[in-house]
Amino acid sequence: IGQLRVPAEWIAVVNPGIEAPEDEPVCDRGPRVPVIGTAGPLDAGSGLVTFLNAARKVVDAGVDAEFVIAGRGEDEVDLRRRAHRLKIADRVTFAGIPVVGLRFWSVLDVYCQTTLAPSVGRPLATALAFGVPSIASDIDGLRALVDHGRNGLRVPPGDSSALAARILELLADPDGVRRLGREGREMILREFHPETEALLLSEVYRDALDRPSSPSGMHRPALSA
């Protein structure tokens, strides 16, 4: 609406279907080193420099934590060098996988989506589906997924200090972590179920087909996102 000047009445928003695990994940894994993860293409737009800078601040706060970056991209060499310069290379694992699966989500205590540009946030939605307490950049797209303080937390994009503070906040609040994870999963199950997506899409198609033709003989388009 804002950028392409598409009339609002031509747009129907359909949330993508997210496959959530059938059983609710177990949040309490006992005493161990916490793992903070992120996923996405390894490029400047993903904000992974912010993630690494925040990781350094978390370690400086006295927290013995590990960090995982899942993805591939042309900036991987530069990101590895930054981890070395920050002296956290031994704590950061580059998973090197473009698509994350159950093994990735099952080890995470906190997920961070540090994207700097508007994004649909598919990895973030998947993290929420798996009940992983999540922190996201306060940008278009991700903002629609995270209701701050209810099912996740938001931080200003590119602000490593704010991201580190939120990570520390979650690690220090086991009850709050479980609540955020539970609320995030319930939101995905309620609003992003594949069957709900199919139903809403069928309604969009039916509405488009049922509309009378314009004087030019063409139907007014119905766009879905």
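Quick rundown of the values:
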{"read-out": "Flag for Pro16 being modelled with pLDDT under 90, over 18 Å from Trp105 (Cα atoms) and assigned to a loop (DSSP other than H, G, I, E, B)", "value": "yes"}
{"read-out": "Test: residue in the range 92-106 that is more than 23 Å from the chain's Cα centre (by Cα) and open to solvent by 40 Å² or more (accessible area, probe 1.4 Å)", "value": "no"}
{"read-out": "One residue from Gly62, Gly96, Gly121 being on the phi > 0 side of the Ramachandran plot and touching a helix residue (DSSP H, G or I) at 6+ places or on another chain (Cβ under 7 Å)", "value": "Gly121"}
{"read-out": "Residue in the range 110-123 that is least open to solvent (accessible area, probe 1.4 Å), counting only those that are more than 24 Å from Arg32 (Cβ to Cβ) and aliphatic (A, V, I, L, M)", "value": "Ala117"}
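The values are calculated or read from the model by the stated rules, or taken from the named source; none is laboratory data. Here the structure is a predicted model, which means the values were calculated and not measured. Note that we place each Cβ from the backbone using ideal geometry, even for glycine, and neighbour counts take in every protein chain shown. Each accessible area value is taken on the protein alone, full model and side chains, heavy atoms only, with ligands, DNA and RNA left out. Shrake-Rupley method; radii C 1.70, N 1.55, O 1.52, S 1.80 Å.
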